[in-house]
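The values are calculated or read from the model by the stated rules, or taken from the named source; none is laboratory data. All figures in this text were calculated on a predicted structure; none of them were measured in a lab. A quick note on method: Cβ atoms are made from the backbone with ideal geometry, for glycine too, and the neighbour counts reach across all protein chains shown.
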Amino acid sequence: MPAVGEAASEFSGMGCEVFGVSIDSQFSHQAWVEKDLGGLNYPLLADMGHRMSRSYGVLAAAGIALRGVFFVDPKGIVQFASIYNLQVGRNTEELIRTLAALQAGGACPINWKRGDKTL
């Protein structure tokens, strides 16, 4: 299963702009990306004032930000939101499937996959 960075070109091909947001500083981001990730191919924004984290409902007690994924349409409307406990990793394949479902042009039944008919 590819990580979000590895799937960035697929998201881009679907018309989706990928970026990350963290409550850490840009200096923490830089160290983390260089030391642990070996690079990052999408922007990572610093939300040190917690404004975005609070607005999207991922700011938990004690100023900790949970992991969240949001698909926001060109009009600025959140079309999908998922907030994860810190112990739960995201599933890139499911995120791609969800984006495809949002773009499918109809209601998608249970276990829908790209290429399947909509309701």
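Listed conditions (1) loosely packed, with under 13 Cβ neighbours inside 10 Å; (2) outside any loop (DSSP other than H, G, I, E, B) are all met by residue 118, apart from (2). Among the candidates 51, 67, single out the residue that is among the charged types (D, E, K, R) and closer than 25 Å to residue 97 by Cα. Exactly one residue qualifies, and that residue is 67. Check whether at least one residue in region 94-101 is at pLDDT 95 or above and among the small types (Gly, Ala, Ser), and report yes or no. Yes: one or more hits. Among the residues making up region 30-43, those that are under 23 Å from residue 11 (Cα atoms) and either modelled with pLDDT of 75 or more or not in a helix (DSSP H, G or I) (or both) are 38, 39, 40, 41, 42, 43.
Can you tell me which residues in region 45-56 are polar (S, T, N, Q) and either assigned to a loop (DSSP other than H, G, I, E, B) or within 14 Å of the chain's Cα centre (by Cα) (or both)? Selection gives 53 alone. Applying the criterion of being in contact with a strand residue (DSSP E or B) (Cβ under 6 Å, 6 or more places away or on another chain) and part of a loop (DSSP other than H, G, I, E, B) to the residues of region 57-84, the residue that is surrounded by the fewest Cβ atoms within 10 Å (Cβ to Cβ) is 73. Where the second residue is surrounded by 11 or more Cβ atoms within 10 Å (Cβ to Cβ) and among the polar types (S, T, N, Q) and the first is more than 13 Å from residue 16 (Cβ to Cβ) and lies in region 88-117, which pairs have Cβ atoms under 7 Å and are six or more apart or on separate chains? Close Cβ pairs (under 7 Å, with a partner that is surrounded by 11 or more Cβ atoms within 10 Å (Cβ to Cβ) and among the polar types (S, T, N, Q)) amount to 104/118; 105/118; 106/118; 107/118; 108/118.
Of all residues in region 1-21, which are modelled with pLDDT under 90, surrounded by 13 or more Cβ atoms within 10 Å (Cβ to Cβ) and in contact with a helix residue (DSSP H, G or I) (Cβ under 7 Å, 6 or more places away or on another chain)? Correct list: 4, 7. Of all the numbered requirements in (1) among the aromatic types (Phe, Trp, Tyr); (2) loosely packed, with under 11 Cβ neighbours inside 10 Å; (3) touching a helix residue (DSSP H, G or I) at 6+ places or on another chain (Cβ under 6 Å), residue 27 misses one, and that requirement is (3). What do you reckon, is residue 99 under 20 Å from residue 5 (Cα atoms) and among the aliphatic types (A, V, I, L, M)? Criteria met by residue 99.
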